[in-house]
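Report on one structure; see the data block that follows.
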Amino acid sequence: MDVGLVRWSELGGERCSIARTVAIVGDRWTLLILRDCFLRVRRFEEFEARLGITRHILAGRLKKLVSEGVLRKVAYHERPVRYEYRLTQKGLDLYPVLMSLVHWGDTYTTGKAGRPLLHQHLRCGRQFDPILTCSECGEALDPREVRVMPGPGADRKLRQFHAEHIQQETSVAPVRDGAVAKTPSRGSDRRRRSAA
């Protein structure tokens with residue numbers, strides 16, 4: 001079987017929203033730059049000092065984020081001209097991605113010391129854990145209760161993969177003792193109940 005290898009530089013052309021997103025924000029420095037953007041870090045020297053990153057790498061990552069429309073440069077000093085890097089709406093829309101990483105890290109990597117940062121929702125005044133919810137019903141999303149289907153942007157290769165690998169009536173439960181347990185999807189449960 002001939003498996004075509006995809007280069008990192010080609011990920012942006014893949015027919016996959018995750019691959020195209022990873023092509024923009026998927027390396028460690030870019031994610032840490034975005035983390036700092038959400039912590040209100042805006043100036044080149046501040047990024048450099050906080051991250052301990054070389055100027056060359058930092059300049060390259062910031063340039064890419066600007067060219068992709070995730071950040072915009074705003075002059076804050078005229079002579080010499082110096083810029084701040086501010087999140088655009090496209091950048092702000094990455095907030096759920098960063099918060100999901102924060103939640104995963106808080107859950108699995110903090111140890112006994114606990115969370116390094118807490119997040120407070122200004123509207124209600126309470127500390128919170130980020131959760132994904134369904135845009136239609138508002139329920140928290142569990143991967144065992146989500147079905148994936150080809151969308152209008154799917155090509156023949158993706159539709160074929162879906163037909164061969166994604167079973168419509170089951171979802172994948174967490175791995176236990178090296179085996180993947182199949183559980184009925186919520187939709188098939190409803191059909192069984194209505195048929196009874």
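Shown in residue order for segment 52-69 are the 3J(HN,Hα) couplings computed by the Karplus curve 6.51 cos²θ - 1.76 cosθ + 1.60 at θ = phi - 60°: x, 9, 5, 4, 4, 5, 4, 4, x, 5, 5, 4, 5, 5, 5, 5, 8, x Hz (x for Gly and Pro).
Exposure proxy shown here: for ARG42, ARG55, ARG50, ARG79, the number of other Cβ atoms within 10 Å sets the order, fewest to most, as ARG79, ARG55, ARG50, ARG42. In terms of packing, defined here as the mean over residues of other Cβ atoms within 10 angstrom, the peptides 18-25, 140-147 line up highest first as 18-25, 140-147.
Per residue and in cubic angstrom, what volume does the convex hull of the Cα atoms of segment 8-91 have? Before the final figure, lay out each step's value.
Values: hull volume 8.2 nm³, N = 84.
For segment 8-91, the hull spanned by Cα atoms encloses 97 Å³ per residue.
What net charge do the residues around VAL66 carry, taking every other residue with its C-beta under 9 Å from that of VAL66, with Lys and Arg at +1 and Asp and Glu at -1? Walk me through the intermediate numbers first.
Numbers: positive: LYS63, LYS64, ARG72, LYS73; negative: GLU68.
Net local charge, VAL66 excluded: +3.
Residues whose amide H lies under 5 Å from that of LEU71, counting only those 5 or more places away or on a different chain, are VAL66, THR88; hydrogens are built 1.01 Å from N in the peptide plane. For ARG82, the residues whose modelled amide H falls within less than 5 Å of its own, excluding neighbours fewer than 5 places apart on the same chain, are TYR76, HIS77.
Out of segment 41-92, which GluC sites (Glu not before Pro) are coil in DSSP terms and have no more than 10 other C-beta atoms within 10 Å? Spell out each step's value before the answer.
Details: sites: GLU45, GLU46, GLU48, GLU68, GLU78, GLU84; in loops: GLU68, GLU78.
Hits after loop and neighbour filter: GLU78.
Note on VAL66, VAL81: ascending count of other Cβ atoms within 10 Å places them as VAL81, VAL66, the fewest first.
Read-outs throughout are calculated quantities, based only on the coordinates presented, and are distinct from any laboratory measurement. Not measured: the values here are computed from a predicted model. As a convention, Cβ positions derive from the backbone with ideal geometry for all residues, glycine included, and neighbour counts pool all protein chains shown.
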